[in-house]
Amino acid sequence: MQYPVTRRDENVVDDYHGTAVPDPYRWLEDPNSAETQAWVAAQNEVAFGYLRELPQRQAIAERLAEVWDYPKRGLPFKTGGRWFQYRNTGLQNQSVLFVGDAPDGEFRELLDPNTLSAEGTVALGGIAVSENGRYLAYSLSKAGSDWQTWQVRDIDSGQDLDDELTWSKFSGASWTHDHAGFFYSRYDAPAEGAEYSGANLNQKLCYHRLGTPQADDKVIYERPDQPEWGFGGHVTDDGRYLVISVWHGTHQENLVFYRDLTQADAPVVELLAAWDASWHLVDNDGARFYLVTDKDAPNSRLVAIDLAAPTELIELIAEGSDSLQGVSRVGDRFFATYLHDAQSRVATHSLDGTLLGDLALPGPGSVGGFGGRREDGFTFYSFTSYTDPGAQYRYDLATGQSTLHWQPELAFDGGAYRTDQVFFESRDGTRVPMFITGRRGLPRDGQRRVYLYGYGGFNISLTPGFAVTMVPWLERDALYVVVNLRGGGEYGKAWHDAGKQHVKQNVFDDMIAAAEFLIAEGYTSAEHIAVAGGSNGGLLVGACLTQRPDLFGCALPAVGVMDMLRFQHFTIGWAWVSDYGSSDNAEDFEVLRRYSPLHNLKPGTHYPATLVTTSDHDDRVVPAHSYKFAAALQAAQAGDAPTLIRIETQAGHGAGKPTAKIIEEAADRLAFALAALGG
């Protein structure tokens, strides 16, 4: 295969603590240069030319469009006295927001982002409804960018007000109960040309009053002395307090401040001001705050804090053997959601913490929902698994009974497939779980094609969930395998800590051990395994590819963090130092260089077939990571296996990507993997 020629600049060499490290593809870090754009066009011409000719590609795309075309609904939720729900008729590029007067009543369309761009590349982000139910504050993002623009819509008329707030990122909105305005977070406008690559620093928590220009917004809290701090403002349900969660990158630890909104010009009070634990507000009863924390509890617990005696933690739900993922309050009880071996368990407690019992769930899988307020008598939740697209249930607090609220119908027989959870030993003897999904009755003949997926970082848990994109794969008698690697949150703080910074190699060892287990147990062979992951999971794939190129027949790194020596210099990359460390530190540098995918490609190596995917508007993991890695991989490849990079245009890291683009990319990815694995 003839790849585009990628210029190498041998004069670019960095000095890291006395070690010289060449970076010949540095010029690809400038997404706006004519040379980079020409390179992108040339690489896409080769990649799309190859992908469109793959024998099963068209059939996969058609099947994906068929199975994807079923009605989808988010859980109904009440706010401002109204009910809201996201709906999608099937193949709409973006889901539409509806509003109604009752969860079982008639809903009308309130906001359809599909009308805002011909290609469906404008996505609806966060929303917030005023307490009187009159106004909807909503954010939009374009082409997959993390940048948000906030606008305000009159819910009755469906018309937008003149308010428009720009340069917001990593922010929600929360209204004051006088309906006059809302809190949100923003950055200063970036320099021209650096919108998608410049570092995001010095976030400010602001208050916007309706009908006034953004320039007049009042800065509620900022810390110029701490440029990496970020702020999320939330008004409590009683309207009395503004609670400020202070975050520092992806550190799990955070601070909690508050401001009494009943007092004019009240100061911001630092309630929890030590970076020693995570704190997540559940609710409040006046001056008593309920919070989930891992303070002295690696698996987390629920505590109460009285503002009059803020140093005393009153334990309501003690730490258990399962990882507590979250707590919500509805009516007179708490709903506590746990993970037991990466599967959901839900317990109900009275407000004093007394255990009332566990909810009976439909089976092993994942739940979500349990939203509401103290005046509500029921709540909604969803349940899904790897073979079930899920259903919505209504739970009645008075009876303790769940009833089916809504269930989708689609052209897929989930009952023909099964999921097994198995455990294997990693390199250091750690017991690691993974889920294996495939058609019932498949023989273990050592030849089964496997899509091996993982993430392993940032305390993010991979739990059972239906993936429409994997239907054509399963229907070809292949296996879909998801590994619960260290670095995730499946087993609490200890599991996360065991896969970050100087022990990040544990994550890659876990994935390698998973592949070896599948081979040893007769599921498959090395030439039939496709290793896949995105973002931090893209790093995972890159590390596995460079460390064990013999173990995989295909590699699918998506929007990956591939340059571990320079990630901190772009957009929000500095925030990941909590998980990765930084090359600015000599000890961290030595660790990072040992596994950085870009820096561990070896010329003359036979690498497996690789399809790198990224997007030109990704301002989370900038596309330069994938550009540089793909260029270096093409130069290093000694075998005949294709090493391609597919660069989506008018798209970002993944959130808000139009359905049409998702289907096209999934068809390319699956067809590439099938071809690489022998059919």
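Observations on the model:
- The numbered conditions (1) assigned to a loop (DSSP other than H, G, I, E, B); (2) over 14 Å from Ser145 (Cβ atoms); (3) in contact (Cβ under 8 Å) with a residue 12 or more places away in the chain are all true for Leu165 except (1).
- Residue in segment 471-483 that is open to solvent by 10 Å² or more (accessible area, probe 1.4 Å), outside any strand (DSSP E or B) and β-branched (Val, Ile, Thr) present: no
- Of the numbered criteria (1) in contact with a His (Cβ under 7 Å, 6 or more places away or on another chain); (2) at pLDDT below 95; (3) crowded, with 22+ Cβ neighbours inside 10 Å, the one Gly656 fails is (1).
- Qualifying residue in segment 156-166 (condition: modelled with pLDDT of 95 or more and crowded, with 20+ Cβ neighbours inside 10 Å): yes
- Selection within segment 173-197 - more than 18 Å from Tyr241 (Cα to Cα) and either buried (at least 16 other Cβ atoms within 10 Å of the Cβ) or of a type in the set (Asp, Glu) (or both): Arg186, Tyr187, Asp188, Pro190, Glu192, Glu195, Tyr196, Ser197
- Residue in segment 527-539 that is farthest from the chain's Cα centre (by Cα), counting only those that are within 22 Å of Trp473 (Cα to Cα) and among the aliphatic types (A, V, I, L, M): Ile529
- The single condition from (1) outside any helix (DSSP H, G or I); (2) under 29 Å from the mean Cα position of the chain (by Cα); (3) surrounded by 14 or more Cβ atoms within 10 Å (Cβ to Cβ) that Pro24 fails is (2).
- Residue within segment 362-379 that is open to solvent by less than 10 Å² (accessible area, probe 1.4 Å), assigned to a strand (DSSP E or B) and under 26 Å from Pro103 (Cβ atoms) present: yes
- Tally of residues being more than 26 Å from Ala671 (Cβ to Cβ), of a type in the set (Ser, Thr, Tyr) and under 23 Å from the mean Cα position of the chain (by Cα) across segment 429-469: 2
- Criterion violated by Leu136 - all others in (1) in a strand (DSSP E or B); (2) in contact (Cβ under 8 Å) with a residue 12 or more places away in the chain; (3) surrounded by fewer than 20 Cβ atoms within 10 Å (Cβ to Cβ); (4) on the phi < 0 side of the Ramachandran plot satisfied: (3)
- Qualifying residues in segment 552-572 (those that are touching a helix residue (DSSP H, G or I) at 6+ places or on another chain (Cβ under 6 Å) and more than 29 Å from Gly198 (Cα to Cα)) - the one surrounded by the fewest Cβ atoms within 10 Å (Cβ to Cβ): Gly553
- Test set (1) open to solvent by 30 Å² or more (accessible area, probe 1.4 Å); (2) within 26 Å of Gly81 (Cα to Cα) - Ala118 fails condition number: (2)
- Residue in segment 203-216 that is modelled with pLDDT of 95 or more and closer than 21 Å to Val303 by Cβ present: no
- Taking segment 382-403 as the range and being more than 28 Å from the chain's Cα centre (by Cα) and of a type in the set (A, V, I, L, M) as the test, the residues that pass are Leu397, Ala398.
- Checked against (1) without any contact (Cβ under 8 Å) to a residue 12 or more places away in the chain; (2) open to solvent by less than 10 Å² (accessible area, probe 1.4 Å), Lys628 passes all but condition (1).
- Tally, over segment 396-421, of residues that are at negative phi and either in contact (Cβ under 8 Å) with a residue 24 or more places away in the chain or small (Gly, Ala, Ser) (or both): 17
- The condition of being assigned to a strand (DSSP E or B), at pLDDT 95 or above and surrounded by fewer than 19 Cβ atoms within 10 Å (Cβ to Cβ) holds for only one of Leu302, Leu291, Leu356, Leu324, that being Leu356.
- When each of Phe466, Phe435 is tested for being in contact (Cβ under 8 Å) with a residue 24 or more places away in the chain, aromatic (Phe, Trp, Tyr) and assigned to a loop (DSSP other than H, G, I, E, B), the lone residue that passes is Phe466.
- Test result for Gly144, under 17 Å from Leu124 (Cβ atoms) and open to solvent by 40 Å² or more (accessible area, probe 1.4 Å): no
- Close contacts from segment 237-253, counting a first residue that is more than 19 Å from Glu131 (Cα to Cα) and among the acidic types (Asp, Glu) and a second that is assigned to a loop (DSSP other than H, G, I, E, B) and open to solvent by less than 20 Å² (accessible area, probe 1.4 Å), with Cβ to Cβ under 8 Å and a gap of 6+ residues or different chains, come to Glu253/Ala277; Glu253/Ser278.
- Qualifying residue in segment 409-426 (condition: in contact with a Phe, Trp or Tyr (Cβ under 6 Å, 6 or more places away or on another chain), open to solvent by less than 50 Å² (accessible area, probe 1.4 Å) and assigned to a strand (DSSP E or B)): yes
- Residues being within 19 Å of the chain's Cα centre (by Cα) and acidic (Asp, Glu) - total across segment 471-496: 1
- Residue in segment 502-551 that is nearest to Met470 (Cα to Cα), counting only those that are open to solvent by less than 10 Å² (accessible area, probe 1.4 Å) and among the polar types (S, T, N, Q): Thr524
The values are calculated or read from the model by the stated rules, or taken from the named source; none is laboratory data. Note that the structure is a prediction, hence the values are computed from the model and not measured. No Cβ is skipped: glycine too gets one built from the backbone with ideal geometry, and neighbour counts run over all protein chains shown. Each accessible area value is taken on the protein alone, full model and side chains, heavy atoms only, with ligands, DNA and RNA left out. Shrake-Rupley method; radii C 1.70, N 1.55, O 1.52, S 1.80 Å.
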